[in-house]
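The values are calculated or read from the model by the stated rules, or taken from the named source; none is laboratory data. Predicted, not measured: the structure shown is a model, and the values here were computed from it. With ideal geometry, Cβ positions are generated from the backbone for all residues, glycine too; neighbour counts draw on all protein chains shown. Note: areas computed on protein heavy atoms with side chains; ligands, DNA, RNA excluded. Shrake-Rupley method; radii C 1.70, N 1.55, O 1.52, S 1.80 Å.
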Amino acid sequence: MKLTLIFTLLSLLGLVNCTDSKENAIVETWWINSAKFDCTGVAPMSCLQIQKGEIIDSEKWEFFYSTIEGFEYQPGHIYQIKLSIEDRPAPVPADASSKTFKLIEVISKEVDKSLRITNIWKVVEVGEIKNPVNFKSKEALIFEFNASAKTYFGDTGCNSIRGSIKENDGEKLLLGPGASTMMACPDMSVEQAIGKALIDCRKYMIEDNHLLLFNEEGKLLIKFMAVD
């Protein structure tokens, strides 16, 4: 009788523990960004960026330092996934998260259109100026846009300019003020035209291997051609 009672109690405890484990699991919905970024956990590594919520906010991405069991990530896509989060059984390794993350469902997987701007481009037109060249080298003016790093860098004819991409959703484009070298040249008209075009840019389009930047009213400001 006593042995039967002890066995019953142990069985009930086992059921409680199993139930508690399931009850402790949290189900969340996350967005996964389209590129990994350098980050530092226990050591330098490459991290996913995640955020929660119904709508993506480009200012709210945060590093995710662990892994998601069952999730096969492909760069260049923005995911929305459902996952379960549980406490990791003890003992927890020093280099591991105290939580485990398991994929339940991939809700959506979309190509990130904002990445299309990432390329090396040659300036072929800015305002009324066609095929401008560098004052010293007489070579074409080259710009590089990097959507993942949110940066741009380019030759404005006399100086070089480097700045941030503040907003980019594949159509809208807002560039931050660029930091420029300070060399003076006899003719600064190209540099001034490019600088104004970058400041006034609000939209863009990529077609036929060309990148076109427009102002708010839809006027073409500057036209690039892909170098590669």
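The conditions of being more than 19 Å from residue 203 (Cα to Cα), surrounded by 15 or more Cβ atoms within 10 Å (Cβ to Cβ) and touching a residue at least 60 places away in the same chain (Cβ under 8 Å) are met by residue 142.
Exactly one residue out of 220, 212 is open to solvent by less than 40 Å² (accessible area, probe 1.4 Å) and at negative phi: that is 212.
Being over 27 Å from residue 60 (Cα atoms) and of a type in the set (D, E, K, R) holds for only one residue in 216, 167, 207, 171, and it is 207. Of all the listed residues (80, 74), the sole one being over 21 Å from residue 174 (Cα atoms), modelled with pLDDT of 95 or more, among the polar types (S, T, N, Q) and assigned to a loop (DSSP other than H, G, I, E, B) is 74.
Is it the case that some residue within the range 66-75 is over 15 Å from residue 102 (Cβ atoms) and surrounded by 13 or more Cβ atoms within 10 Å (Cβ to Cβ)? No - not one qualifying residue is present in the range 66-75. With the requirement that a residue be at pLDDT 95 or above and open to solvent by 70 Å² or more (accessible area, probe 1.4 Å), what does the range 27-51 give you? 27, the sole residue that qualifies. Taking the listed residues 163, 178, the one that is in contact with a helix residue (DSSP H, G or I) (Cβ under 7 Å, 6 or more places away or on another chain), without any contact (Cβ under 8 Å) to a residue 60 or more places away in the chain, open to solvent by less than 90 Å² (accessible area, probe 1.4 Å) and under 30 Å from residue 47 (Cα atoms) is 178, with no other qualifying.
Report yes if some residue within the range 146-153 is more than 21 Å from residue 59 (Cβ to Cβ), open to solvent by 40 Å² or more (accessible area, probe 1.4 Å) and either modelled with pLDDT of 95 or more or hydroxyl-bearing (Ser, Thr, Tyr) (or both); otherwise report no. For the range 146-153, residues more than 21 Å from residue 59 (Cβ to Cβ), open to solvent by 40 Å² or more (accessible area, probe 1.4 Å) and either modelled with pLDDT of 95 or more or hydroxyl-bearing (Ser, Thr, Tyr) (or both): present.
Among the residues making up the range 212-228, those that are within 14 Å of residue 141 (Cα to Cα) and aliphatic (A, V, I, L, M) are 222, 225, 226, 227. Taken as a whole, the range 129-136 holds at least one residue that is open to solvent by 30 Å² or more (accessible area, probe 1.4 Å), modelled with pLDDT under 95, under 30 Å from residue 219 (Cβ atoms) and not aliphatic (A, V, I, L, M).
Apart from one condition, residue 119 fits all of (1) in contact (Cβ under 8 Å) with a residue 60 or more places away in the chain; (2) closer than 29 Å to residue 57 by Cβ; (3) open to solvent by less than 40 Å² (accessible area, probe 1.4 Å); (4) not basic (Lys, Arg); the exception is (3). Among the conditions (1) in contact with an Asp or Glu (Cβ under 7 Å, 6 or more places away or on another chain); (2) in a strand (DSSP E or B), the only one that residue 104 does not satisfy is (1).
If you go through the range 189-209 and keep only what is surrounded by fewer than 16 Cβ atoms within 10 Å (Cβ to Cβ) and free of Cβ contacts under 8 Å to residues at least 40 places away in the same chain, you end up with 192, 196, 199, 205, 207, 208, 209.
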